[in-house]
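Colleague: One structure is given below, represented as structure tokens, and several questions about it will come after.
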Amino acid sequence: MSIGNTRRATTLLTFVANDVTAATKTGSVVDLENYEGDVALGLDAEAGGSGVTYAVKVTECDTSNGTFTDVAGATFTTTGANAALVEQLVFNSDKTQRFVQCVVTVAGGTGTGAVSVLGLAAPKYG
């Protein structure tokens, strides 16, 4: 499959908008009802400052405003202290609940860094 076919066959989704992050934050709720199969996520985190680390995970829920729980195996590598990280993670939308979101946990030291998580998903009817 060429990159052109991939672009036409997937939808770009924002899980965590690019933002300077100094404290734990929860990204946007993403409704997976109209998608199927694997969802590829890309994390881009810049070095956060002295001792700062970022732990990013995917959580799920049956409703958009309910209690979200962790998606098994859908956790990025925690960044090293004051280290940047670019990483990909894939989870299967057919095996998760309808609504998902990413949670960024900031720990250690002081400082801030920009963090974003974008995803590519295949529409069911596309």
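Colleague: Taking segment 51-68, which residues are of a type in the set (D, E, K, R) and either open to solvent by less than 30 Å² (accessible area, probe 1.4 Å) or at positive phi (or both)?
Modeller: Listed by number, the list holds a single entry, 60.
Colleague: Scan segment 10-50 for residues that are open to solvent by 30 Å² or more (accessible area, probe 1.4 Å) and part of a loop (DSSP other than H, G, I, E, B) and report the count.
Modeller: Counting residues in segment 10-50 that are open to solvent by 30 Å² or more (accessible area, probe 1.4 Å) and part of a loop (DSSP other than H, G, I, E, B) gives 11.
Colleague: If you check 63, 110, 77, 67, which single one turns out to be at pLDDT below 95, in a loop (DSSP other than H, G, I, E, B) and of a type in the set (S, T, N, Q)?
Modeller: 110
Colleague: In addition: Among the residues of segment 82-94, is any in a loop (DSSP other than H, G, I, E, B), open to solvent by 40 Å² or more (accessible area, probe 1.4 Å) and under 15 Å from residue 22 (Cα atoms)?
Modeller: Yes, the conditions are met somewhere in segment 82-94.
Colleague: Would you mind telling me which numbered condition in (1) over 15 Å from residue 119 (Cβ atoms); (2) touching a residue at least 60 places away in the same chain (Cβ under 8 Å); (3) of a type outside the set (Phe, Trp, Tyr) residue 29 fails?
Modeller: Going through (1) over 15 Å from residue 119 (Cβ atoms); (2) touching a residue at least 60 places away in the same chain (Cβ under 8 Å); (3) of a type outside the set (Phe, Trp, Tyr) one by one, residue 29 breaks only (1).
Colleague: Here is a follow-up. So, in segment 71-103, exactly how many residues are over 12 Å from the mean Cα position of the chain (by Cα), in contact (Cβ under 8 Å) with a residue 12 or more places away in the chain and closer than 16 Å to residue 39 by Cβ?
Modeller: Qualifying residue count for the region: 8.
The values are calculated or read from the model by the stated rules, or taken from the named source; none is laboratory data. Only a predicted model underlies this, so the values are computations on that prediction, with no experimental measurement involved. In this analysis, Cβ positions are derived from the backbone assuming ideal geometry, glycine residues included, and neighbour counts consider all displayed protein chains. Only protein heavy atoms, including side chains, enter the accessible area calculation; ligands, DNA and RNA are left aside. Shrake-Rupley method; radii C 1.70, N 1.55, O 1.52, S 1.80 Å.
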